1. Scan the range 74-105 for residues that are part of a loop (DSSP other than H, G, I, E, B), open to solvent by 60 Å² or more (accessible area, probe 1.4 Å) and modelled with pLDDT of 95 or more and jot them down.
2. Here is a list: P112, P89, P103, P97. Which entry is more than 18 Å from A35 (Cβ to Cβ) and touching a Pro at 6+ places or on another chain (Cβ under 7 Å)?
3. Within the range 173-187, restricting attention to residues that are in contact (Cβ under 8 Å) with a residue 40 or more places away in the chain and part of a loop (DSSP other than H, G, I, E, B), which residue is farthest from S286 (Cα to Cα)?
4. Would you check if there is a residue in the range 277-293 being more than 17 Å from the chain's Cα centre (by Cα) and open to solvent by 60 Å² or more (accessible area, probe 1.4 Å)?
5. I'm trying to understand the selection: among the residues of the range 299-312, which are assigned to a helix (DSSP H, G or I) and surrounded by fewer than 22 Cβ atoms within 10 Å (Cβ to Cβ)?
6. Counting only residues that are part of a loop (DSSP other than H, G, I, E, B) and in contact with a Phe, Trp or Tyr (Cβ under 9 Å, 6 or more places away or on another chain), which one in the range 153-172 is surrounded by the most Cβ atoms within 10 Å (Cβ to Cβ)?
7. Can you name the residue in the range 198-224 that is of a type in the set (S, T, Y) and under 22 Å from D288 (Cβ atoms) and, of all such residues, is least open to solvent (accessible area, probe 1.4 Å)?
8. Would you tally the residues in the range 266-276 being open to solvent by 30 Å² or more (accessible area, probe 1.4 Å), in a helix (DSSP H, G or I) and small (G, A, S)?
Amino acid sequence: MITALLLSAALTAASPAAASPCRFVGEPRTWTEQALSAWDTLDHRRLRISRPVTPVITLFDARCAYTLTPDPDGDIQAGSRRYSALGAPHDGRISLPDGATVPAQRLAFASPTSDGGMFFIMALPSLWRADRTEPRDGDRLSMVVFMHEFAHTQQAAGLGARVDDLLARGLPEDSDDDVVQDRFGDRPDYRAAYEVERDQFYRVASIADVSGVRTALAAAARQMAERRARWFTGDDALYGEADDVFLTLEGTGNWAAWMWLTDPQGGGLLPDAATAFVRGGGGHWSQDEGLGLMLALDRLMPDWPEQAFASPAATGDQLIARALADRTPPERIRP
């Protein structure tokens, strides 16, 4: 199971206009090619995925839905991927490969298909910017969402398989990336422990000298271990592993978005501004702390993304342990 990013703000879809065909041209096509190219650039620079996944993609706006099917002869090309596209008007709901439908509102998620492939669905930028006073914020948000969720299309065989294993071993079937927050967030002292730990990871990411980074990262790892040892016991022991997996899954997605935001050819933001943009209100704890964890790892171990996107995938706990064990001075990869 791949976690989904479903943003709460809803947008009612307009009725399709029968007179106007749904051709995959103009902004929908231009934006899609830019988004796929941005992902391909990140893959080549940092991820180096050995077997990149080319998912079936459905994109939609207020009137049309576009299905992009992998096609070696397709006329839509971005990096290593080629697609053919078919557009059709919708009635306010968008069909999924399993026969279900979702409302044509601001949403994005990735999911495996019955044939072993991957499916990706997302609202186009016109829906993300619809109620924004500053249209550029909507455009940035749509690309941030794309980078986050497209990361999950590449993780089914790695972290996605770890989630499936957790479900098979007793994690509730309706679990998502908020499962730990939902179960423990209201327990006395839990939130305070989580926030101290989260803030420590972001502190690590801001330290200039390598020795200070190493010391601070070790402290954050101890705080995380203490939190889990206190709350994830007995019947709740499985949540310790779930915490590790979802922090990694959501952290890698948010880090991918952060990387686009800080790219001068992408979002063009300074690192602190990009961090604030991705964190938003911090309402989803695994996404918030996960980003801090990945930014902290960036300070010591530049090749951590290759390990997190591999199959089998390394989780945050494993990556921290490897970063602390490796005494090789890291390359400078970001300010």
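1. Passing the criteria: only D91.
2. Checking each option against the conditions leaves just P89.
3. R187
4. So in the range 277-293, the residues more than 17 Å from the chain's Cα centre (by Cα) come out as none.
Taking every residue of the range 277-293 in turn, none turns out to be more than 17 Å from the chain's Cα centre (by Cα) and open to solvent by 60 Å² or more (accessible area, probe 1.4 Å).
5. Within the range 299-312, E306, Q307 meet the criteria.
6. At the first step, the residues of the range 153-172 found to be part of a loop (DSSP other than H, G, I, E, B) are 154-155, 169-172.
Right, trim to in contact with a Phe, Trp or Tyr (Cβ under 9 Å, 6 or more places away or on another chain) and you get 154-155, 171.
On the way: Q154: 25, Q155: 27, L171: 19.
The extreme case among them is Q155.
7. First, pick out the residues of the range 198-224 that are of a type in the set (S, T, Y): 202, 206, 211, 215.
Next, from what is left, pick out any that are under 22 Å from D288 (Cβ atoms): 202, 206.
On the way: Y202: 32, S206: 89 Å².
This residue is Y202.
8. Qualifying residue count for the region: 2.
The values are calculated or read from the model by the stated rules, or taken from the named source; none is laboratory data. None of these values were measured; they are calculated from a predicted model. Because the Cβ atoms are built from the backbone with ideal geometry, glycine has one as well, and the counts that use them run over all protein chains shown. For the accessible areas, the whole protein counts, side chains as well, though only heavy atoms, and no ligand, DNA or RNA atoms are used. Shrake-Rupley method; radii C 1.70, N 1.55, O 1.52, S 1.80 Å.
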